[in-house]
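Working notes, structure below.
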Amino acid sequence: MSDYPPFGLAKGAIDHPDRLAVSDDFGSSLTYRELNALANRTIRALNSHGVQAGDVIALLLENRVETILLHQAAYRGGFLFTPLNPRLKPIELEFLLSDSGAKVLFADSAYLDLACEVVPDGIEVVVVGGSVEVNDLDIFIEDSSDSAVEHRFGSVLSYTSGTSGVPKAVIRDRTQPSPEALAAFVGFGERLGFNPKHDRFLTTAPLYHGGPLISAIHVINLQGSIYLMRRFAADDVLDRIERLGITSAYMVPTMYHRLISLPEKRKAEADLSSLNSVMHTGAPCPVHLKQAMIDWFGPILYDCYAATESFGTYTVCTSEQWLAHPGTVGKPEHGVITIRDQNEVPLPTGEIGLIYARTLPGVAPFRYRGDEEKTDRAYSSHGDYTVGDMGYLDDDGFLFLTGRASDMIISGGVNVYPAEVEQVLMRHESVGDVAVFGVPDDEWGERVVAVVELADGVAGEDQLGANLIAYCREQIAAFKCPREVRVVPELGRDPSGKMRKGLLRDRLFHSGSA
């Protein structure tokens, strides 16, 4: 057995066996004793089906208790697991299943038809939830023992974009963490304001995204209780905080916007006294929106900056830090952040450049499987790496994000950072959401355009675009301002709050409509 003392789920099963571990909107719940036993049974069932430590399982699931169960089984059993987004196109899912080498696909009954359409030959499908006459999770684990198994430290097999245009797996050599690294990871939730005595955590976003998934894992590490929302609804969030005595939650900035847009009477009546922390990741949060949320919720908002390639987070930002440095994502931890120019030269305080991070001691460096060129480009000659994000450090060492290198607009030979323009436009009362990017222009090389989703209750008008451009010109230099504004019904952010600007740009400006 492992030399590590019990922690996380195993410790919860010993210290608080009857405490709620997780519940969902399907009417299911598991205590720590039940979740621990089922995780052991799932690991043994996978082993009996030929899935061993280092092998891959794929999850195409809604937010349900079995999702947490399978995450915990993967971590303890040493499996790599790939969460799949059901909003992807079938061809995208088929590629991920094939490329990952997954041996088993756990598919939600709601996505069974999709799973059968995309699963390659040789991958076993296990259905989760619902009543179907096929191989389901109960059948899969029914003959397995719930006796303890050795903790082998699995992890997420995440994907990011590659130079060939298809996703690339971010991989590291498998190593067991040192006791010190494990202790730091287990204690990370406390630094986010999670309650180590008994956290009641509300997950408002899908667990196939990294932020809510990692947050839920930290809650289990602290032996807290997870309440899974199947779908986000602003008024429902307030109701659950009040009814369940929620102490912490995960959200994204889009959710903040919907909460702030609720009627003033509903917001004034909401009892938020149980809340200790609300964590957000994903897209950058506009300054005015975060200020409004802090004014309402109190100084309990936490922000994290991380990437698929990072081991843990680069920064953690408390509300107090943010209020002293509005717009920051926090102070880099362990001194891992350097700002460099395109030639890898470190830049002085206040200058925008590529954000470089250093892999923490004892953690294997990452690589992009099958893309040596992308891997080589990521690492500098100094040994640190960049994922393409841009930003700067202020005089006190706090990090500010300005966008991605691939999003930067060069108009008339001058750099324009979309995040700065988006921050301005989001302050306008008619704007519900906005994306700013560059499109080819014969005169300027690129011209700045803004695509706007209107705020609730706002009707489009002929002069809206001109008014928004004039609004920008009042607050930032003219060369940064959009030369064109388009209104769309919906920008199409994913549930983590991120937006695929390239697809939006291609749809609106590369389809004969430019």
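The values are calculated or read from the model by the stated rules, or taken from the named source; none is laboratory data. These figures come from a predicted structure and were not determined experimentally. Quick reminder, even Gly has a Cβ in these numbers, built from the backbone with ideal geometry, and neighbours come from all protein chains shown.
Scanning segment 41-95 for residues that are assigned to a helix (DSSP H, G or I), surrounded by fewer than 24 Cβ atoms within 10 Å (Cβ to Cβ) and of a type in the set (A, V, I, L, M, F, W, C) turns up A45, V65, I91, L93, F95.
If the condition is being closer than 21 Å to A45 by Cα and among the polar types (S, T, N, Q), then segment 97-150 contributes S100, S109, S131, N135, S144, S145, S147. Would you pick out the residues in segment 351-362 that are over 15 Å from V387 (Cβ atoms) and in contact with a Ser or Thr (Cβ under 8 Å, 6 or more places away or on another chain)? Of everything in segment 351-362, those that are over 15 Å from V387 (Cβ atoms) and in contact with a Ser or Thr (Cβ under 8 Å, 6 or more places away or on another chain) turn out to be I352, G362. Within segment 462-494, if we keep just the residues that are in contact with a Lys or Arg (Cβ under 8 Å, 6 or more places away or on another chain) and modelled with pLDDT under 85, the residue that is surrounded by the fewest Cβ atoms within 10 Å (Cβ to Cβ) turns out to be G492. Within the span defined as segment 241-250, every residue fails to be assigned to a loop (DSSP other than H, G, I, E, B), touching a Cys at 6+ places or on another chain (Cβ under 7 Å) and surrounded by 15 or more Cβ atoms within 10 Å (Cβ to Cβ). Restricting attention to segment 96-110, the residues that are small (G, A, S), surrounded by fewer than 24 Cβ atoms within 10 Å (Cβ to Cβ), free of Cβ contacts under 8 Å to residues at least 60 places away in the same chain and touching a strand residue (DSSP E or B) at 6+ places or on another chain (Cβ under 8 Å) add up to 2. Selection of first residues in segment 282-307 that are on the phi > 0 side of the Ramachandran plot and buried (at least 19 other Cβ atoms within 10 Å of the Cβ) and of second residues that are of a type outside the set (A, V, I, L, M) and not in a helix (DSSP H, G or I), restricted to Cβ pairs under 8 Å at least 6 apart or on distinct chains, gives the following pairs, ordered by first then second residue: G282/H209; G282/S496; G282/G497; G282/K498. Of the residues making up segment 328-359, those that are in contact (Cβ under 8 Å) with a residue 24 or more places away in the chain and either part of a strand (DSSP E or B) or surrounded by fewer than 21 Cβ atoms within 10 Å (Cβ to Cβ) (or both) number 22. On the given criteria, is S48 over 21 Å from the mean Cα position of the chain (by Cα), farther than 30 Å from G492 by Cβ and assigned by TED's automatic domain parsing to the domain that holds A148? Taking the combined requirement at face value, the residue satisfies it.
For L207, the test of being in a loop (DSSP other than H, G, I, E, B) and either basic (K, R) or crowded, with 20+ Cβ neighbours inside 10 Å (or both) is passed.
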